[in-house]
Structure formats: C-alpha cells, structure tokens
1. Which angle between 0 and 90 degrees, to the nearest 10, do you get for helix A:412-438 versus the longest principal axis of chain A when only C-alpha atoms count?
2. Taking the simple approach of a point 7 Å from Cα along Cα-to-Cβ for both residue B:94 and residue A:578, what is their distance in nm?
3. Quick check on chain A: helices-only [θ] at 222 nm, where DSSP H runs of length 4 and up contribute -39,500 (n - 2.57) each and the sum goes over total residues. Nearest 500, please.
4. So what's the gap between the Cα centers of region B:53-71 and region A:508-567, to the nearest angstrom?
5. What is the magnitude of the charge dipole of region A:1-142 about its Cα centre, with +1 placed on the Cβ of each Lys and Arg, -1 on the Cβ of each Asp and Glu, and no other charges, expressed in debye to the nearest 20?
6. Taking the Cα atoms only, what angle lies between the long axis of helix A:197-207 and the longest principal axis of chain A, rounded to 10 degrees?
7. Angle check, please: helix A:113-132 long axis (alpha carbons) against the longest principal axis of chain A (alpha carbons), in degrees 0 to 90, nearest 10.
8. Treating only the Cβ of Lys, Arg, Asp and Glu as charged (+1, +1, -1, -1), what charge dipole size does the protein assembly as shown show about its Cα centre? Round to the nearest 20 debye.
Amino acid sequence: MLELIWLIPLIPLCSSLLLMLTAGRLPRLLIGYLGVGSVGIAALLTLAAGIHFMANPEPFELTLWTWMQVGNFAPGVAFYFDGLTLVMMSVITGVGFLIHLFSTEFMEKDTSYARYFAYLNMFVAAMLILVMADNLLLLYLGWEGVGVCSYLLVGFWYQNSANGQSARKAFIVTRIGDTAMALGLFLLFTELGTLDIQGMVAMANETWQVGDSIPLIACLLLLGGAVGKSAQLPLHTWLPDAMAGPTPVSALIHAATMVTAGVYLIARTHGLFLLAPTAMMVVAIIGIATSLMAAFTALMQSDIKRILAYSTISQIGYMFLALGVGAWTAGIFHLMTHAFFKALLFLGSGAIIHCLHHEHNIFKMGGLRRKMPVTFWSFMIGSAALAALPMTSGFFSKDQILLEAYQLPGMGPWLWLGGLLGALLTAIYSFRLVFVVFFGKANTEPDRDTGWRMAVPLTVLCALSLIGGYFIIPVEAVFPAASGEHPAHWVEYVSISVPLIGLLLAYLIFHSRQLRVDGLVGSRVGQLLRRFWFSGWGIDWLYDRLFVRPYYELSGMLKSEPVDVIYGLIVAINQTLNQWLSEAQTGRMRWYIASMVFGLVVLISLALQISPEVL
Amino acid sequence: MEGLNVPLNHILLVSSLLFAIGMLGLMIRRNIIFILMSLEVMLNSAALAFVAAGAHWGQPDGQVVFMLILTVAAAEVAVGLGLVLQVQKRFKTLDMDHANRMRG
C-alpha cells in the first residue's frame, strides 16, 4: 500500500498541468471539481497511508528512479515516509483540501478561476515533494517550487502593480535565504559526499564531534534558508506584504504550510543541529526575538490580514524557539495546531473580506457578531487557540514549548519569560481583533452571509482547533525522547494564567473600555512607540535605506554606462580632428601646391638646422 | 675637353632659379596650360642639374637620367594635354579653380 504514496503529489500535479494546458477553457464547475477533487483524493490517500503506517510504524523508503548520475553524486527521485512526513502530509492535504473548498466560493466571481486552481494545485504538489523528499536535493526542488507558487499567487491580481511589487519582494527576500541553503547543501555534499538525509545525518554523527565548526557552518547555512522561508528575523519583511494575494492563499501558503517549511527543514535535519549547540542557540534566540518583535507589531496594525500575518511570524517564532531548545516534538506539534487555527483565522478573515466588499480595516468593521455567526464563532475559537486559552489546541502545544524552554539549562528561564511576554501580547492582539471586529457598533453592513462552501471548512477547522490538542503525533521514533521531567508547578500555573490575563486586558481596553489607555497612547513617547511598532520596528525602512535605495542609486548611475564615457571621448576627438582636416580639403589645386611647398621648405630648413654638415 | 668652363655652382644656381620660377608659376597661374608649362620648366631645371653634375664628376649617369627625364616629360605632356582637352570640353574653361568639383 505504501508503495503508492508517489500518487499523492502526482495527482495535484496532473490536475495543475491539466488546468494550465486547457487555459481556462473548461467549464467552471469542472475546474472546481478538478482543483478541489485532486487535493481531496490526495487527502484520502494520505489518510489511507496514515492508517497503514499506524498499524506498522516503520519508516518506509521508496525510490522511483535516479534523478541524475554525475560522478559519485546520484540523487534519486525518492520518498521517505515516517511519522514526521505523515504529520506534514496530513496538514498539507487536509488543511489544503478545506482551503481549496473555501476558495471555490471566495474566488467564485474571479475571471482567472482556472489559473488560481492551477497555481494552488501546483503548490500542494511542490509542498508534498518538499516534505516527502528522501534527499536534500529533491527537498530543494520542492522548496523552490513552493517559492515560485507563492510568488505567482501573491501577485495573482497582477493588474495592480503594488501586488507585483509584493510578489517580487517575497521572491527576492526568500531567495537570499535559499542561496544560503544552497551553499549549505554544497558544503554538506563536499564534506560528506551524499545528500540523502538519513545517510547524511548518520555519517555526520560518525565524522564530527559535538561542537565542531563544519556542522556549525552547515547548520547556520541551512538555518539561513529556513529563516527566509519561515519569515523569521532578519528576513521576515516579505510576509506582511505577501498578504496582497487572495486570502485563501494567505491561509494555505503564508500561514499553514509553506512558511512552516523552515521548521520542517530544521526538524528533519535535527541530527545535524544536535552536533552544533551554538546553531541551536541561534535558532532559539531568532525564534524568541522574532516572536516578540512580531507580537508588538501585530498589536498596532489595523489591517486584518496584516495582524494575522504578524501573528503568523510570531507563532513560527515559537516553533523556532521550540526547535532551538530541542523540543522537537513540541515544535512540530505547534506547527500542526498552528496550521489549524491560523488557517481558520485566515479563512474567517477571508469570509469577512468577501462579505464586506473587500474591506481590510478592522476599525471600519464592528458589530459583525449577529450578522455573520459562523465567522464570529470561527474567530472566537481561532483566537482562543492562538492565545493558547486552556483546553484549546494552541494551549497544549504552546504550553509544552514554554515548559521545555524553561528546562533548558542556562538561558532557559529567560527564554521562558520572553515566551510568556509573547503569549500575553498574543492574547491581547488576538482578542483586540475579536472585540473590534465583532462587537461594538456596526460600521459596514455585510451584503451577504457565508455560503456552505465557506461554512463547512470553517466548521471543520473550528473542530480541529478545539480538539487538535488531543492528537498524538507519531514522531517519537523520529526525534530523541524529551527529558520527561516536569518543572515546578508554579511554572505551569503561570504559563496557564498569562493568556487569561491577556484576554482580560483586551476586554478591559477594547470592549468595556474601563481601562483607559488614551493618555498612555496619546503621550509623546506613546505616539513614538506606536509609530515605531506600527512600521514593524522600522525594519522595512532600514532595509529600504540600507539595500534598496543604494541599489537603485547604483543602477541609476550605471544606467548611463560611465565606462563608455572614455570610449565616447575617443570618438569625439576623432570626429573633431576629422572636421578640421576636411576643412583643408578645398579642391583648390594651387592651395595644395602652396602648402606642399611651404611644408617642404619647413622640413628642409628643419633638416638643415639639425644636421648642417650636409651643406 | 675644350669649351667654356662654367663653374658648377653657377649652373646649379641657374637650375635652382628655373626650379623656383617653375614652382612659382605652378602656384600663381590659373590656366591649366601654363601650369603644365611650369611643370616642364621644373623638370628641365632638374635635368640641367643632373647634366651639370654628370659633367662635373665625369660620370655618364647624369646624361642617362637626363634621357629618362626627357621621356617622362614627354609622356607627362601627352597625358596632361589629354586632360586639358577633357577639361576644356567639360567646363568650357581652362581655369583650374573652376574645375574644383572634388572639394571635400
């Protein structure tokens, strides 16, 4: 049965190719069936493979063919199927299917319906190849594939040039990380002679000691790729702008799957990272810094999708924190629950945007509680899970991350404190969103409620966000076992109570308005901080000054080709001389003779001057 | 050898004078026939210098070159007069300055 897993990426790929080649000439209904159905079948096959795997949880390898043979480098088109792969595939196909279904209603009126599903199916295929790949080269193929699909889908409404700008930004910024990752692959291949993940990790453990410098460099280069793809500091600036794409795309690519590819990469090569404790420390610090930075920024945004985008950056920061402290299972667990509740929140915001004439500003919404009940409850549950309120899925995963971070010797408690602050902010900004959008008085009237194709995915994701925390992911064979110790009880109590405090604060500030913050916000320092956080800590501004503008200026200078000026000078001199000399060409014979005589006289007298002895 | 014994310097002076006259004519005359005649004068001045030098050194080469110059001058006159005829035919004048169609 597991021999058939190659069908899972192939079916969406075929559907994508079919949609591309027919170029939108198929009837709309058929496009919908193809786009959603292919991912649906992939999801069913994943389910079947999962049932099989649960019965006999042994890693399974499947080599289809040798991709290329260059010397002793022979990467195969080969899949590796274990618990981690299964979790990732379930998220991709399961959540992907729900988002595809949602899209059929969201994109109903769009003229490029077929193009949309072609890209989306292609994305699912590439993402599946990424997580199923047996070697790093095939993984890189999927990695670049999802990058291209992300680019195409962010710039999906390309008629607006701002969207094209965002798409290019997303592509170029992630490309910086990808370059680092490619260098990492080169280094690993030259050092170990293979890119096969399992073999490579085994060989690395034989070749290198913990703390050697080569695994450190390799890990940092791989981390560069992960940081770019997962929108972590310092390469996170593309994700908020990537919200220019259709909202279901943001849900699928920029929340649930592609942006977590970096987390998957690090988890997949954890054997290598264990050899480089410094690299793991860097991962943890990047995670916590990104998480706090993004949480503060999310608190200030007014565009509903930007809030969610920064919240995604922040939550992936938690996953990085988990990876950095060695809480592999918790990190992957948070990846899964985050996929559920963030997809839910994005689809919910998509429903609002769809029904509210493409309104993005949360302060122009309000009072939607009664008019859009399904969306309201989706947001309630999604925000509760995001804020990690007890008994929701987010609670189980985030709590586990914080507890394991606390147990890290040395920096542990500090990381834990940072994580707690992040959790507090998460609770405040997520319930700020709920209170501003769904309570208070209505500012814009929705012209419709969600249809069944929107309501069903929302409901299913609601259920998953609630009960997802009780799932047990089959990765204990993949990762080294956790310590199993439990820290003091007070640590746990604090972790549980912080989100509740955040919820209370959000209620007091944004709903009942008993807690007045106008004075605080209105003060000079408050205004400055507000602007600083609103702009995302000025990082975009900084990059603009540091890289974008100097680049434009340099290219502006080179546009006129300064080197050509030298050659232009030679041409000008020649032309001037030519003009002068052609003046002398009068056609008057007697002038020629006279000048010849004159010249001869001069030459002869010169010759006599130099050597008078000829006389 | 009997006869007038003219010093070489005098002959060379005459030759130079002839050359200068020819060159001056070349520069100031506009009529194409006079230009040809001036050329002839210049050629003959050179020939005179050769003959005188040959006689002075007692060498036959001067005579030989004189014969060569005579031939060249004859050929030159033949071509030159042909050109003069053509110029007269096309421009209806023998003024060199009116035949300057080739100005650059």
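The values are calculated or read from the model by the stated rules, or taken from the named source; none is laboratory data. As the structure is a prediction and not an experimental result, all values here were calculated from the model. When we count neighbours, we look across all protein chains shown, and the Cβ atoms used for this are built from the backbone with ideal geometry, even at glycine. Remember, those area values only see protein heavy atoms, side chains included, never the ligands or the DNA or RNA. Shrake-Rupley method; radii C 1.70, N 1.55, O 1.52, S 1.80 Å.
1. 80 degrees
2. 4.1 nm
3. Rounded to the nearest 500, the figure is -22500 deg cm²/dmol.
4. Centre-to-centre (Cα) distance: 98 Å.
5. Here region A:1-142 has a charge dipole of around 540 debye.
6. The answer is roughly 80 degrees.
7. Approximately 80 degrees, to the nearest ten.
8. With only Lys, Arg, Asp and Glu charged at Cβ, the dipole is about 2840 debye.
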